[in-house]
Amino acid sequence: MRIRHLPDYLVNQIAAGEVIERPAAAVKELVENAIDAGASVVEVDLRDGGKSMIRVRDNGGGMTREELAACIERHATSKLPDDDLVNIRHLGFRGEALPSIGAVSRLFITSKHADEKDAWTLSVEGGAKKAPSPAAHPQGSTVEVRDLFYATPARLKFLKTDRAEYTAVKDMLTRIAMAHPHVTFKLTHNDAPSLSVAAQDRLERLSALLGKDFGTNAIPVHAVREYVTITGFAGLPGFDKGTAQFQFLFVNGRPVRDRLLLGCVRAAYTDLLARERHPVVALYIEVPPDEVDVNVHPAKAEVRFRDNALIRGAIVGALKHALLAGGQSTSSTMTTYALSSFRAQSSAPAMPFRAAYPSTYGNLAEKIEQNYVPLMETLPSARAELQEVPATESFPLGAPRAQVHENYIIAQTQDGMVIVDQHAAHERLVYERFKAQMAEGGIARQGLLVPEIIDMDDTRIAALLEKSDLFERLGLELEAFGTGSLAVRAVPAILSGKANIAKLIKDIAEEIVEQDSSIKLEERINSVLSTMACHGSVRSGRRMNVEEMNALLRAMEETEKSAYCNHGRPTYVTLSLKDIEKLFHRR
């Protein structure tokens, strides 16, 4: 076989396979063209998930007759005025989208330039182009794609159901709408309105697309490091999801799914979320165009930074600073859930009330006098018991008033109340103490008079002994003890006499065996510290006196990240006086 030049129609079809793999990709290219044209309103209409018809209307600058004829030629673009692929300042710049779409569908484009009197229209069917002709159209452009992939039937086999393709389009358009809140977007599928967001500020746009809960459970992010600017919003650790699909990342206004950036988000939320939970974030990264390559992926979904270390440090630092500044903030979804439960109970039909006394006022008053007044005089007052506790307005978490179910501390604040999970709260305190000791050279340990002998599987013993140097820094002294046994000769001093050593070591062994070998050493250490903190903290069911409860609250106020335990569970929830009054219909 001799080398030959492929015909243009086949070249365009190959390009279409790289750029336009499904309807969502076609919509993405057309919407980005509309934004680059300066549109303030973009409307997308779909039929059958985009397979039968895609129509994108905009009110941008539009095209002249000559520009309309050129836009369907390969590598024809208005977005590289200086022929500089290093400084790319537009979303679309390759000039491949429209020719690629035209090669595999029936493409119709109508446009009117802002400075011209007449509008023009043209069509492309399976790569066959027709000359522009006059048309009636307001300023802007309308691009209609019919029968996508009709010219390449094999590609149709790889498309999913109409519902799946429509979902992909909506997800893609949602991401673009997050990146450009100043633009109005509308989406219609099979004549049914699906998405409609007006021009608004960034937080309003995010709340409109992610739900109102995001606005009340997100903290602002803003940081500048050298030439990198990081802005956006980070969801509180309690406002988490089961997948990472709610992490929205944008580079110079371009939605991306980049492994480096997703890894930065994961690193920033270390110690704040359970391993299987994922945060909700919307981060906007602005860098000079010559510091990022957006031309590494046919669909421009990935980017490459010149200085990965700088970008990673900027993102992780910005998120950690924001989460630290949010310090004592917890997700309002807990309070909302609690309120809804309370309201459901209060609105439920009341149980029939059977009067214990005759229904005459005189007899009722007599019974009250005989039974309740003596009881009120003899029962100790909660306030009387806590006279030594400082005033509630002196502390963010208030003063302890009671412990219920041997696990929850009730504290009164200036404008409401706080319910604290004593185990989760103390777990965070112990964890942070361990980390501080590690930073100072190692965790203080306490030798055991009698070594703890633990029977375990050989593979787990081997995994532990392989990292004996690490465990020594963690305050654990381990050594082999015959076949199938392990001897523990020292434990962290803070755990001495408080933890079940056998269970602790077995839990750590499970952690080590199950962890991915690619996990960094710091993450491994923190994972073990987290397990040790869980075993060394105040357990559920332990009764605490007033001084202990007060000491726990004060320590929480002085400890970073104390709003969540190291597994990502909230350590406390708040209930404002206003919410309490609503429960009793006082408001």
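Derivation of every value follows stated rules applied to the coordinates shown; laboratory data play no part. None of the values given here were measured: they were computed from a predicted structure. So basically every Cβ, Gly included, is an ideal-geometry build from the backbone, and we count neighbours across all protein chains shown.
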Which of the GluC sites (Glu not before Pro) across segment 405-505 are loop residues per DSSP, with 12 or fewer other Cβ within 10 Å? GLU406, GLU440, GLU466
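Set the bar at 19 Å for Cα to Cα. Now go through LYS212/LYS241; LYS186/LYS241; LYS561/LYS582; LYS241/LYS503; LYS28/LYS51; LYS28/LYS186 and name every pair that lies beyond it.
Cα-Cα > 19 Å for LYS186/LYS241; LYS561/LYS582; LYS241/LYS503; rest within.
Multiply the residue separation of LYS582 and ARG2 by 0.36 nm, subtract the distance between their alpha-carbon atoms, and state the gained length in nm to one decimal.
200.6 nm
Calculate, in nm to one decimal, what SER52 and ALA114 gain on full extension: separation in residues at 0.36 nm each, minus their alpha carbon distance. Provide the component values of the computation, followed by the final result.
Working: separation 62, 0.36 × 62 = 22.32 nm, distance 3.06 nm.
Stretched fully, the SER52-ALA114 segment lengthens by 19.3 nm.
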Could you please state, rounded to a whole Å, how far the C-alpha centre of segment 415-491 is from the C-alpha centre of segment 545-564? 23 Å
In nm, give the distance between the simple-model label positions of ARG304 and ARG554, each being 7 Å from the Cα along the Cα-to-Cβ direction. 5.8 nm
Convex hull (Cα only) mean projected area of segment 8-197, reported in nm² to one decimal: 10.4 nm²
Given H placed on each backbone N at 1.01 Å, which residues far from ALA135 in sequence or on other chains put an amide H within less than 5 Å of it? ALA119, TRP120, THR121
What percentages make up the Cα-Cα pair-distance distribution of segment 144-259 when the bins are 5 Å wide from 0? 2, 9, 16, 20, 18, 14, 9, 6, 4, 2, 0
Mind checking the log10 I(q)/I(0) for segment 457-496 at q = 0.13 Å⁻¹? Debye, one equal scatterer per Cα, no solvent, two decimals. -0.25
Obtain the nm distance between the two label points defined at LYS160 and ARG473 by a simple spin-label model: each point lies 7 Å from its Cα along the Cα-to-C-beta direction. 4.3 nm
Sites matching trypsin sites (Lys or Arg not before Pro) across segment 112-141 that sit in DSSP coil, with at most 14 neighbouring C-beta atoms within 10 Å: LYS117, LYS130
Simple spin-label estimate for GLU511 and ALA444 in nanometres, 7 Å along Cα-Cβ: 2.1 nm
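For a distance above 19 Å, tell me the whole-number percent of Cα pairs in segment 202-325 that qualify. All intermediate terms of the calculation are to be shown ahead of the outcome.
Working: 3380 of 7626 pairs.
That tail contains 44 percent of the Cα-Cα pairs.
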